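Since the structure comes first, as structure tokens, the remarks are kept for the end.
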Amino acid sequence: MRERDGRPARVADVHDLSLAMPHVTVAEGSRENPVYQVGGKSFVFFRNPRPDAVDPDTGERYDDVIVIWVESDDDKQALVQDPDRPFFTTPHFDGHPSVLVRACRLGEVSHRELAELIQDAWLSRASPKRAATWLAAQRA
């Protein structure tokens with residue numbers, strides 16, 4: 001493993017790793033938040049403050065929530081049910097194949113794990129042909 005893979009993840013890594021995937025476009029969400037897409041389907045985006053994701057002590061809306069798609073509900077539950085992990089969900093995302101993470105807690109995830117999450121998010125949204133082509137290139 002390269003040394004940088006084990007280092008704590010940063011917000012800049014979300015952008016860099018998302019853009020490193022093939023056929024990615026960046027749409028501008030509301031408040032000019034980036035929405036990373038493949039084939040017109042979002043796989044990572046920076047969410048606006050919403051009433052369903054708030055600080056339990058102050059009631060203030062989180063302004064740094066990142067949404068990352070996952071392959072399945074099992075994958076989602078594995079990430080959000082571990083209390084030692086920074087991933088969470090809200091009732092708004094019940095039944096939605098994604099997890100949420102606050103940017104201020106990304107450092108609890110390694111760069112390597114973030115890369116795997118973003119790659120998996122891309123794979124979950126890419127066309128079967130694009131996914132197969134990318135996976136074949138990784139094995140080469």
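Per-structure values
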read-out	value
Among the candidates VAL14, VAL35, residue that is assigned to a strand (DSSP E or B) and in contact with a strand residue (DSSP E or B) (Cβ under 8 Å, 6 or more places away or on another chain)	VAL35
Residues being acidic (Asp, Glu) and either under 15 Å from the mean Cα position of the chain (by Cα) or under 16 Å from PRO97 (Cβ atoms) (or both) - total across the stretch 48-79	5
Conditions (1) part of a helix (DSSP H, G or I); (2) closer than 16 Å to LEU79 by Cβ; (3) in contact with a strand residue (DSSP E or B) (Cβ under 6 Å, 6 or more places away or on another chain); (4) not β-branched (Val, Ile, Thr): number failed by LEU100	(1)
Lone unmet requirement of (1) assigned to a strand (DSSP E or B); (2) farther than 21 Å from ALA126 by Cβ; (3) of a type outside the set (S, T, N, Q) for ASP63	(1)
Selection status of ALA78, out of contact with any Phe, Trp or Tyr (no Cβ under 7 Å at 6 or more places or on another chain), part of a strand (DSSP E or B), surrounded by 12 or more Cβ atoms within 10 Å (Cβ to Cβ) and at negative phi	no
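Quick note: the coordinates plus some simple rules give every number you see, no bench work behind them. What you see is a predicted model; the values in this text were computed from it and never measured. When we count neighbours, we look across all protein chains shown, and the Cβ atoms used for this are built from the backbone with ideal geometry, even at glycine.
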